[in-house]
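J.: Just dropping this structure here.
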Amino acid sequence: MTGVSRQRERYGEAQKLNTEATTFLQPLHDDLAELSPTFDGIVYFAIDQWHKDNASAVATVQPESADVDRFAFYKNNIEHHRVDLGATALGLGLQQKEPQLIRSRMNPGRHTTWTHRAIVDNKLVGGVQTAFNSSYGEIPSDTRAITLAHAKHADVITEVARAFNKLSLEIPSIGDMLELLAPATPNAFIASWDLRNSTPFAMANYGSLRNYLLDTKNTFNHLSADTSTYVHDTGDGQDISIWLPDNSKNFDRSNPADVRAFGNGTVLPLIDTLFAAHGDIARDYSDVNPRINFVVGLGYVEHDRYDGRTSQTFWEVANHHKRHPEAPISFTDTARKVLQLPQRP
């Protein structure tokens, strides 16, 4: 269709580049693998043009291992994902002109990283991150050998960086073109509420339903305004994004303890407040007895192309509403785990 771009127009080109980059980086991987049994592989990350403060994992080379669980963290959090530069060791590494070993912020108990920045035309465009896993021995403390290995393959790294940068300048998002998932580190809780049995309500009392929804949404918008700047209207409910604080010396989005403290101190009290306010609204509509339930999710909410927001968590909470229609409040598995709530029976 003339004048309309399609997201998959250059998908094959991006996939081809991914394959070629993996091949080009194999010799660097092989040299690094000789340095330590703790070596867990390398990933080239390209800074994303659309998803600000994100970088996309666009090429990976890893050693072979008989331990089937060795790369579980990578597969669940890095592979086929973008990463949040504000919540990861990668972000810290890309800020440093001279690479150094940095403990992983997402997996600090096992991983230490070393990141070599990629500069193209005097612009930071990404970097190669090397990972070491303390479960398999002592992580190298002397980085000179790592530096020498990178220097040996500097031309190849630059070629990979130029290729991905060229493509990224021609499309809105290299991560979206490769159909990568959003970062595994969360940036928001989702407080999602839904009106029970809304279809019969609408068929029998649409005028009352319309006014009830106006009253409820206006009230909830007002009460959540201090913690949310985006509310996704679902028709008979809302997904209220409650943003996690920015990373600082007092808060780390990659630290489950910090996220849990925010959830218990801000999110759950807000839901209590919304429930109480809804009780007052429901009394005005006692003739139709409106009842709502809440689902609490936790994930990464991102900008879409239409000045709105989208998140895989929106679908997760919608599915949860369908599976638990009578529970006044329930939690997605991710939110339940981070908040350390008991498992559902």
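The values are calculated or read from the model by the stated rules, or taken from the named source; none is laboratory data. On a predicted model such as this, the values are computed, not experimentally measured, just so you know. All Cβ positions, glycine included, derive from the backbone under ideal geometry; neighbour counts span all protein chains shown.
J.: Output the number of residues of the range 321-345 satisfying the condition of being assigned to a loop (DSSP other than H, G, I, E, B) and either under 23 Å from Ala257 (Cα atoms) or under 19 Å from the mean Cα position of the chain (by Cα) (or both). Write out each step before concluding.
T.: Here is the first cut: in the range 321-345, the ones assigned to a loop (DSSP other than H, G, I, E, B) are 324-328, 332, 340-345.
Now restrict to residues that are either under 23 Å from Ala257 (Cα atoms) or under 19 Å from the mean Cα position of the chain (by Cα) (or both): 332, 340-344.
Within the range 321-345, residues that are assigned to a loop (DSSP other than H, G, I, E, B) and either under 23 Å from Ala257 (Cα atoms) or under 19 Å from the mean Cα position of the chain (by Cα) (or both) number 6.
J.: Now, a different point. Applying the selection to the range 319-342, what residues are at pLDDT below 95 and small (Gly, Ala, Ser)?
T.: Ala327, Ser330
J.: May I pose another question? Would you be able to say whether some residue in the range 186-195 is small (Gly, Ala, Ser), crowded, with 22+ Cβ neighbours inside 10 Å and closer than 27 Å to Asn18 by Cβ?
T.: No, there is no match, as no residue in the range 186-195 is small (Gly, Ala, Ser), crowded, with 22+ Cβ neighbours inside 10 Å and closer than 27 Å to Asn18 by Cβ.
J.: Continuing with this model, one more query. State all residues of the range 302-338 that are touching a helix residue (DSSP H, G or I) at 6+ places or on another chain (Cβ under 7 Å) and under 15 Å from Ser241 (Cβ atoms); if no residue qualifies, say none.
T.: Thr332
J.: Suppose we filter Thr199, Thr229, Thr158 for residues that are farther than 28 Å from Gln312 by Cβ, surrounded by fewer than 17 Cβ atoms within 10 Å (Cβ to Cβ) and without any contact (Cβ under 8 Å) to a residue 60 or more places away in the chain; which single one remains? Break it down stepwise before answering.
T.: On the way: Thr199 fails: farther than 28 Å from Gln312 by Cβ; Thr229 fails: farther than 28 Å from Gln312 by Cβ.
On inspection, the qualifying residue turns out to be Thr158.
J.: Then there's this: Only one of Ala87, Ala145 is assigned by TED's automatic domain parsing to the domain that holds Phe39, out of contact with any strand residue (DSSP E or B) (no Cβ under 9 Å at 6 or more places or on another chain) and within 30 Å of Ile240 (Cβ to Cβ); which? Write out each step before concluding.
T.: Numbers: Ala145 fails: within 30 Å of Ile240 (Cβ to Cβ).
Answer to the check: Ala87.
J.: Only one of these is over 20 Å from Ile78 (Cβ atoms) and not aliphatic (A, V, I, L, M): Asp53, Asp30. Name it. Reasoning before the result, please.
T.: Working: Asp53 fails: over 20 Å from Ile78 (Cβ atoms).
None of the other options fit; the residue is Asp30.
J.: Only residues that are surrounded by 13 or more Cβ atoms within 10 Å (Cβ to Cβ), out of contact with any Phe, Trp or Tyr (no Cβ under 7 Å at 6 or more places or on another chain) and part of a loop (DSSP other than H, G, I, E, B): list them for the range 161-183, please.
T.: So in the range 161-183, the residues surrounded by 13 or more Cβ atoms within 10 Å (Cβ to Cβ) come out as 161-165, 167-168, 171-178, 180-183.
Still in the list and also out of contact with any Phe, Trp or Tyr (no Cβ under 7 Å at 6 or more places or on another chain): 161-165, 167-168, 171, 175, 178, 180-181.
Listed by number, the residues that qualify are Ile171, Leu178, Leu180.
J.: When you scan the range 202-224, how many residues do you find that are modelled with pLDDT of 95 or more and either of a type in the set (A, V, I, L, M) or not assigned by TED's automatic domain parsing to the domain that holds Val301 (or both)?
T.: Residues in the range 202-224 being modelled with pLDDT of 95 or more and either of a type in the set (A, V, I, L, M) or not assigned by TED's automatic domain parsing to the domain that holds Val301 (or both): 3 in total.
J.: Filter the range 240-277 down to the residues that are assigned to a helix (DSSP H, G or I) and in contact with a Lys or Arg (Cβ under 9 Å, 6 or more places away or on another chain) and list them by number. Don't jump to the end; show me each part of the working.
T.: Keep residues of the range 240-277 that are assigned to a helix (DSSP H, G or I), which gives 256-277.
If the condition is that a residue be assigned to a helix (DSSP H, G or I) and in contact with a Lys or Arg (Cβ under 9 Å, 6 or more places away or on another chain), then Pro256, Val259 are the ones that fit.
J.: Identify the residue in the range 303-320 that is in a helix (DSSP H, G or I) and touching a Phe, Trp or Tyr at 6+ places or on another chain (Cβ under 9 Å) and, among all such residues, is surrounded by the fewest Cβ atoms within 10 Å (Cβ to Cβ).
T.: Gln312
J.: Report every pair of residues separated by at least 6 positions or lying on different chains whose Cβ atoms are under 6 Å apart, first residue within the range 97-119 and assigned by TED's automatic domain parsing to the domain that holds Ala163, second among the basic types (Lys, Arg) and part of a strand (DSSP E or B).
T.: Filtered contacts from the range 97-119: Thr112/Arg103.
J.: When you look at Gln7, is it of a type in the set (S, T, N, Q) and either at pLDDT 95 or above or crowded, with 18+ Cβ neighbours inside 10 Å (or both), yes or no?
T.: Values: of a type in the set (S, T, N, Q): yes; either at pLDDT 95 or above or crowded, with 18+ Cβ neighbours inside 10 Å (or both): no.
So Gln7 does not fit the description; no.
J.: Can you say whether Pro27 is in a loop (DSSP other than H, G, I, E, B) and either in contact (Cβ under 8 Å) with a residue 12 or more places away in the chain or not hydroxyl-bearing (Ser, Thr, Tyr) (or both), as far as the supplied structure shows? Can you show your working first?
T.: Values: in a loop (DSSP other than H, G, I, E, B): no; either in contact (Cβ under 8 Å) with a residue 12 or more places away in the chain or not hydroxyl-bearing (Ser, Thr, Tyr) (or both): yes.
No: the conditions fail for Pro27.
J.: Moving on. If a residue must be polar (S, T, N, Q) and surrounded by 23 or more Cβ atoms within 10 Å (Cβ to Cβ), how many such residues does the range 29-59 contain?
T.: First, pick out the residues of the range 29-59 that are polar (S, T, N, Q): 36, 38, 49, 54, 56.
Narrowing the set further to residues that are surrounded by 23 or more Cβ atoms within 10 Å (Cβ to Cβ) leaves 54, 56.
Residues that pass the stated criteria total 2.
J.: Ok, one more. Considering only residues that are exposed (fewer than 14 other Cβ atoms within 10 Å of the Cβ) and under 15 Å from Lys166 (Cα atoms), look in the range 12-28 and name the one that is nearest to the chain's Cα centre (by Cα).
T.: It comes out as Gln15.
J.: All but one of (1) closer than 25 Å to Pro183 by Cα; (2) surrounded by 12 or more Cβ atoms within 10 Å (Cβ to Cβ) hold for Asp246, so report the exception by its number.
T.: Result: Asp246 fails condition (2) only.
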